[in-house]
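Let me begin by presenting the structure, written as structure tokens, before commenting on it.
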Amino acid sequence: MDRYTSVARALHWILAVLIIVNLVLGIGHDALPKDWAVMPVHKSIGLTVLALTLARLAWRVGHRPPSLPSAMPVWEKAAAHATHGVFYAFMILVPLTGWIMTSAGTRPLNWFFLFDVPKFAVTKGDAIVGLSSEGHEVMGFAWVALIIVHIAAALRHHVVLKDNVLRRMM
Ligand code: HEM
């Protein structure tokens, strides 16, 4: 079967888990116990997502994904490519906007308490900080909707159309 490389599959599922966990932590941080270090963990996971996304993109340049089934209508192929494009944009822009807004705060930024992460040279009043804060929230909620569409589309291929679109990522 024509499938994704083992590196692409591993990165897909690791990133899927990290992104979903981070959406839950981001949206639920006010409701979660204060002594759980929710936000330091959220920031560390987010920075990991950014690093792994750069690795994924580098890998993708050298290893093209298998082509979609030839029977798939052109509009569906276009929709799939567009969704994947937006995912890559969010995988970069959401962590980056979080990093920018955190840089304007006074709290230290580190990676799982192991080492410090440098901050951008921005302060609270900067337009980029306000824009990042808005963008982080809007893209975060849009991402939830997109993930639901992505999972529904994958399940439709597997259960209804019975093609190999989901299996080639397993
Ligand atoms: C995959 C990566 C990430 C996802 C999916 C994500 C998602 C979210 C979401 C959905 C929220 C809630 C938005 C709201 O209700 O205002 C949030 C809040 C937040 N995120 Fe992220 N985030 C990610 C990465 C990061 C990174 C890398 C940082 C910082 C280094 C960060 C810092 C923050 C902060 C400080 C808040 C709280 C804003 C507030 O309510 O005061 N995030 N995140």
Residues of region 81-139 classified as touching a residue at least 24 places away in the same chain (Cβ under 8 Å), more than 11 Å from the ligand (Cβ to nearest atom) and in contact with a strand residue (DSSP E or B) (Cβ under 6 Å, 6 or more places away or on another chain), total: 0
Per-region count, region 1-55, residues within 11 Å of the ligand (Cβ to nearest atom) and among the acidic types (Asp, Glu): 1
Residue ID - nearest to Phe141 (Cα to Cα), chosen from residues in region 1-55 that are assigned to a helix (DSSP H, G or I) and in contact with a His (Cβ under 7 Å, 6 or more places away or on another chain): Gly26
Pick from region 140-153, criterion of a type in the set (Gly, Ala, Ser) and loosely packed, with under 13 Cβ neighbours inside 10 Å, ranking: nearest to the ligand (Cβ to nearest atom): Ala145
Neighbours by Cβ (under 8 Å, 6+ apart or cross-chain): first from region 1-21, over 25 Å from Leu96 (Cβ atoms); second among the hydroxyl-bearing types (Ser, Thr, Tyr) and exposed (fewer than 14 other Cβ atoms within 10 Å of the Cβ): Asp2/Ser67
Unique residue being in a loop (DSSP other than H, G, I, E, B), of a type in the set (A, V, I, L, M) and touching a helix residue (DSSP H, G or I) at 6+ places or on another chain (Cβ under 8 Å) when the list is Leu96, Leu68: Leu68
Filter result (closer than 30 Å to Leu109 by Cα and without any contact (Cβ under 8 Å) to a residue 24 or more places away in the chain) within region 55-80: Ala58
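Every number in this text was worked out from the coordinates using simple rules, so none of it is lab data. Given the structure is predicted, the values throughout are model-derived calculations rather than measurements. Because the Cβ atoms are built from the backbone with ideal geometry, glycine has one as well, and the counts that use them run over all protein chains shown.
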